[in-house]
1. So what is the 222 nm mean residue ellipticity for the chain from helices alone, if each DSSP H run of at least 4 adds -39500 (n - 2.57) and you divide by all residues, rounding to the nearest 500 deg cm²/dmol?
2. Mind jotting down a quarter of the surface of the convex hull over the alpha carbons of the chain, in square nanometres, one decimal?
3. Quickly rank 21-28, 59-66 as a protection proxy: mean count of other C-beta atoms within 10 Å, highest first.
4. What does the charge add up to near Y25, with Lys and Arg as +1, Asp and Glu as -1, over the other residues with Cβ less than 9 Å from its Cβ?
5. Tell me the net charge near T14. Cut-off is 9 Å between Cβ atoms, T14 excluded, with +1 for each Lys or Arg and -1 for each Asp or Glu.
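Where a number appears in this text, it was derived from the coordinates with a stated rule and is not lab data. On a predicted model such as this, the values are computed, not experimentally measured, just so you know. Cβ sites come from the backbone with ideal geometry, for glycine too, and all protein chains shown count toward neighbours.
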Amino acid sequence: MLHHVPEALRVDVTITKEGHSPAVYEAKGHVLIWGPDMHVTGSADDLYMAIDNMCELLDRMARRKHRYIKVKRHFGAEATA
């Protein structure tokens, strides 16, 4: 994920568990970068699946931001409007 956004200043991950018998795990990711920060939440009944969901969402968001910056740099501001 960080090769899409090399200027990341800080990455915070918080993992919580709710419930006992049908436990639901929630992984929240927060990436501090220049511009708007990225916040994602992944949840599942398995801890590792929740972390995997969060990582996929964060990677998808970072790729989208990286592509947006490349298009803006190549075509100028009028291409993004």
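1. On the way: 1 runs with 29 residues, N = 81.
The per-residue figure over the chain is -13000 deg cm²/dmol.
2. Details: hull surface 23.6 nm².
Mean projected area of the Cα convex hull: 5.9 nm².
3. Details: 21-28: 14.0, 59-66: 15.5.
Going from most to least packed, we get 59-66, 21-28.
4. Values: positive: K17; negative: E18, E26, D45, D46.
Summing Lys and Arg as +1 and Asp and Glu as -1 gives -3.
5. Numbers: positive: K28; negative: D12, E26.
After counting each charged neighbour, the total is -1.
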